[in-house]
1. Out of G36, G83, report the one residue that is more than 15 Å from ligand 1 (Cβ to nearest atom) and in a helix (DSSP H, G or I).
2. If you take the residues in the range 39-72 that are outside any helix (DSSP H, G or I) and β-branched (V, I, T), which one is nearest to ligand 1 (Cβ to nearest atom)?
3. Against the definition (assigned to a strand (DSSP E or B), of a type in the set (A, V, I, L, M, F, W, C) and touching a Pro at 6+ places or on another chain (Cβ under 6 Å)), how does A306 come out, yes or no?
4. All but one of (1) buried (at least 18 other Cβ atoms within 10 Å of the Cβ); (2) more than 10 Å from ligand 1 (Cβ to nearest atom); (3) touching a residue at least 40 places away in the same chain (Cβ under 8 Å); (4) part of a loop (DSSP other than H, G, I, E, B) hold for A15, so report the exception by its number.
5. Looking only at residues that are under 25 Å from P2 (Cβ atoms) and not in a loop (DSSP other than H, G, I, E, B) in the range 114-130, which one is nearest to the chain's Cα centre (by Cα)?
6. Of the conditions (1) in a strand (DSSP E or B); (2) within 12 Å of ligand 2 (Cβ to nearest atom); (3) in contact with a Lys or Arg (Cβ under 8 Å, 6 or more places away or on another chain), S97 satisfies every one except a single condition; which number is it?
7. Can you name every residue in the range 92-110 that is within 10 Å of ligand 1 (Cβ to nearest atom) and among the small types (G, A, S)?
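The values are calculated or read from the model by the stated rules, or taken from the named source; none is laboratory data. Keep in mind that what you see is a predicted model, and the values were worked out from it rather than measured. Cβ: placed from backbone, ideal geometry, glycine included. Neighbour counts: every protein chain shown.
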Amino acid sequence: MPAPRLVLVGGFLGAGKTTALAALARLLTARGERVGVITNDQAGDLVDTATLAGEDLPVAEIAGACFCCRFDELVAGAGRLLGEHRPGWLLAEAAGSCADLVATVLRPLRRLLPGRFRLAPYSVLIDPFRAGELLGLRPGTLPADVRYLLEQQLGEADLILLTKTDWLSARDQITLQEGIQGHHPFARVLPLSAEDPGTHAEWLVTLGTEPERPGHPLDLDYDRYARAEGALGWANASVAVQAAEPFEFGELVMDLVTLVSGSLAHCNAEIAHVKARCGAGARWARAHATGAGSRPELDEDSDGHARAGLLLLNARAACDAGLLHRLCTDALLSVLAARGATGRILRERHFAPPRPRPTHRDAD
Ligand SMILES: Nc1nc2c(ncn2[C@@H]2O[C@H](COP(=O)(O)OP(=O)(O)OP(=O)(O)O)[C@@H](O)[C@H]2O)c(=O)[nH]1
Ligand SMILES: [Mg+2]
């Protein structure tokens, strides 16, 4: 049996990584392939893990730091999935604040575990809003160090996927694709839209057929990278919600995400990604907000109501983590009170990601 293909996907918070990997997994599964997924974040209780597990995919969650600082856990997680499910494809989503994955993950995998995986071209996703910001086509909303982080993410990509192209006119799509290509001549730039399965099929062809490449390790300023990570506040919570009367999961998560993102805007703090998922059993709802360019959105598949549900809230914004935590707590209390519900906090963490300290770094 050939070694499993490992598809590593990077890109900033909210770029569309989980949506893209879920679509890729559906495409592969429909073709009779077995798929396993690896999620990654600075903390646990991930909406993404619940989302991908909800697609009936086996998921390994690597929490606590980026893949680069959890190299051994990444290898162990992949090994568990391979041992238990024998996937031919492993899809791995890096934390959205992470860069330098070629030097710290892909090259060390090739050096230390030659032949264990077939490494697909490294794909980095960026959405039109952030691409416009990087290209100077719209005013900057992110701190300069965070913009530097985004540029570095794109700088090490084999493939750059311009996501959410359903937002764009054909002309704006060409402008953005050509702008990105001009800055990153060695990468291939492809469009990706959740509304157009053909774009995922084209991506899949490239992932499955292109030979392994040595990649482009970055000449990364780790002080600046650490400042970019430190400029982002992170808040994760899991809450057991209980009410006397049934409440709609979709309304709860939309109200929560709308309140948190409204409060952040009021504080002039740029949203990176605020997402909430509430559900019980097979019924769930999920809402997102990603930056000033978009309004909060409820996932199409959202469904269900009950007197009790598990709520996950993952918020990331360009602000102090203590402030983000307070805004999230206030919003949570408000949406619970509006339903006469109570919430028991099962776990909660808020922090700014610490300076990355990669396990390995093969940059020569
Ligand atoms: N219109 C449109 N929305 C999309 C598309 N892809 C993703 N989105 C939306 O963008 C938001 C963020 O998508 P995710 O897939 O969760 O982004 P992510 O990169 O995994 O985010 P993090 O894990 O927080 O870094 C969600 O509201 C998605 O529904 C797309 O192709 N078109
Ligand atoms: Mg994600």
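1. Exactly one residue qualifies, and that residue is G83.
2. Among residues in the range 39-72 that are outside any helix (DSSP H, G or I) and β-branched (V, I, T), the one nearest to ligand 1 (Cβ to nearest atom) is T39.
3. The answer is yes for A306.
4. Going through (1) buried (at least 18 other Cβ atoms within 10 Å of the Cβ); (2) more than 10 Å from ligand 1 (Cβ to nearest atom); (3) touching a residue at least 40 places away in the same chain (Cβ under 8 Å); (4) part of a loop (DSSP other than H, G, I, E, B) one by one, A15 breaks only (2).
5. Among residues in the range 114-130 that are under 25 Å from P2 (Cβ atoms) and not in a loop (DSSP other than H, G, I, E, B), the one nearest to the chain's Cα centre (by Cα) is S123.
6. S97 satisfies all of (1) in a strand (DSSP E or B); (2) within 12 Å of ligand 2 (Cβ to nearest atom); (3) in contact with a Lys or Arg (Cβ under 8 Å, 6 or more places away or on another chain) except (1).
7. Selection gives A94, A95, G96, S97.
So that you can scan it fast, the table gives a plain yes or no per residue for (1) surrounded by fewer than 18 Cβ atoms within 10 Å (Cβ to Cβ); (2) among the charged types (D, E, K, R); (3) within 24 Å of P143 (Cβ to Cβ):
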| position | (1), (2), (3) |
| --- | --- |
| H200 | no, no, no |
| R227 | yes, yes, yes |
| L264 | no, no, yes |
| H288 | no, no, yes |
